[in-house]
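The values are calculated or read from the model by the stated rules, or taken from the named source; none is laboratory data. Please read all numbers here as calculations on a predicted model, not as lab measurements. Glycine gets a Cβ as well: all are built from the backbone with ideal geometry, and neighbour counts include every protein chain shown. SASA here: full protein model, heavy atoms, side chains in, ligands and nucleic acids out. Shrake-Rupley method; radii C 1.70, N 1.55, O 1.52, S 1.80 Å.
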Amino acid sequence: MKEDAEISRPTRFDVTSLGETMLRMSVPQGERLQQLSHLAVSPGGAESNVCAALAGLGRKCGWVSRLPNNPLGLSVLRALKGAGVDVSSVGLVADERMGSYYVEFASPPRATQVYYDRKGSAAAGMTADHVDWDYLLDTRVLHLTGITPALSDSCRALASEAVARARAARVPVSLDINYRIRLWSRDEASSCLLELARDVDILICGRADAARLFDLTGDVRQTIEALQELTRARSLVLTLAEEGAVALHDSQFLEQPSLGAEVVDKLGAGDAFAAGVLDGWLDGSLAQGLHRGAALAALALSQSGDMLVSNREELTAVMAAGPERIVR
């Protein structure tokens, strides 16, 4: 991590984050949304997914957001509490709406489709005034994603302020680029996320996003070195989809293949991977973070829903067993 951001005092949390959690509604594999007769409903949000996965490993995690004070918002709050995430700083507000998204799983040649219904949600209205900054920054690392600033102008300003306040408080910041093409344009995302990325300690970015947003192409070593030069983040992770991931910490180049998995549900695997990276980083090893991330991603692929349900014992067993122990 950057020396000027290193935090040595005891903190309430290992990881904090802020963002939106929605209700995910999906039809069974092979069915089309336009012909739906029933839906499976579960909570899903990139930042809360990371917190839930880490809480399952025994990490202390706090999540900040706004939810409508109705049965829909309370169902999300209950799910995250049940996962072990501290939600005491989540604002419950009357007469505001719950964000949701609809998933149509597909097999080739069709692609899985995700449709959002989140405009004007309670979380999209978040501003700096809604955040208990003492709570959010009482942490070993603040984790953000590129989804939150895409929600609204106020959320964009909030993400920038969160990074600035963390830097002033010497709190390390992690950023997962997580570009969502249906939320904002390439040009908007590129400008905003590059500005944020230049002030973080840990940067996670997909190879496709590096090319799409920052025009970085070439082999993986060239791409991640160019990303480090562009952003100046000290610890970088470049995900390579089914091929695994690589990382760069100072001048040390690390590689991690993916672990095989019987794919039940692809959504949430990237968040599980990010949780593994942070878990290793918190223990002082980015290499361990890559390995843990690959194992948690494989576990996430093997179960339904965005939020990974796992624990330290299961993670250790999967890492020790290798890909041959993952049921195919």
| What do you get when you divide the Cα radius of gyration of the range 174-328 by 2.2 N^0.38 Å, with N the number of residues? | 1.02
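In the range 1-121, carbon and sulfur make up what percent of the accessible area (probe 1.4 Å)?
Details: 2830 of 5580 Å².
Accessible surface attributable to carbon and sulfur in the range 1-121 totals 51 percent.
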| message | Using a 1.4 Å probe on the protein heavy atoms, what percent of the accessible area of the range 229-328 belongs to carbon and sulfur? | response | 51 percent
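Which sequence of 139, 127 reflects their accessible areas, 1.4 Å probe, from the largest down? Walk me through the numbers before you get to the answer.
On the way: 139 0, 127 45 Å².
Greatest to least solvent exposure: 127, 139.
Based on the alpha-carbon set only, what is the convex hull volume of the range 1-116 divided per residue, in Å³? The partial results should precede the final answer.
Values: hull volume 18.1 nm³, N = 116.
Spread over its residues, the Cα hull of the range 1-116 gives 156 Å³ apiece.
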| Using a 1.4 Å probe, how large is the accessible area of residue 198, given in Å² and rounded to the nearest 10? | 100 Å²
| remark: The local net charge around residue 224, scoring Lys/Arg +1 and Asp/Glu -1 for residues other than residue 224 whose Cβ lies under 14 Å from its Cβ, equals -3
| query | Which number comes out as Rg/Rh for the chain once both Rg and the Kirkwood Rh are worked out on C-alpha atoms? | reply | 0.94
| remark: A convex hull over the alpha carbons of the range 62-190 yields, per residue, a volume in Å³ of 135 Å³
| query | Under a point spin-label approximation (7 Å from Cα along Cα-to-Cβ), what is the residue 38-residue 160 distance to one decimal in nm? | reply | 4.8 nm
| field | Cysteines having no other Cys beta carbon under 4.7 Å from their own, within the chain | value | 155, 192, 205
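Send over a whole-number figure in Å² for the accessible area per residue of the range 61-104, probe 1.4 Å.
42 Å²
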| field | Heavy atoms of residue 232: accessible area, 1.4 Å probe, square angstrom to 10 | value | 150 Å²
| Solvent-accessible surface ranking, highest first, for 225, 104 at 1.4 angstrom | 225, 104
| message | Report the Cα centroid-to-centroid distance between the range 93-117 and the range 244-309 in angstrom, as an integer. | response | 24 Å
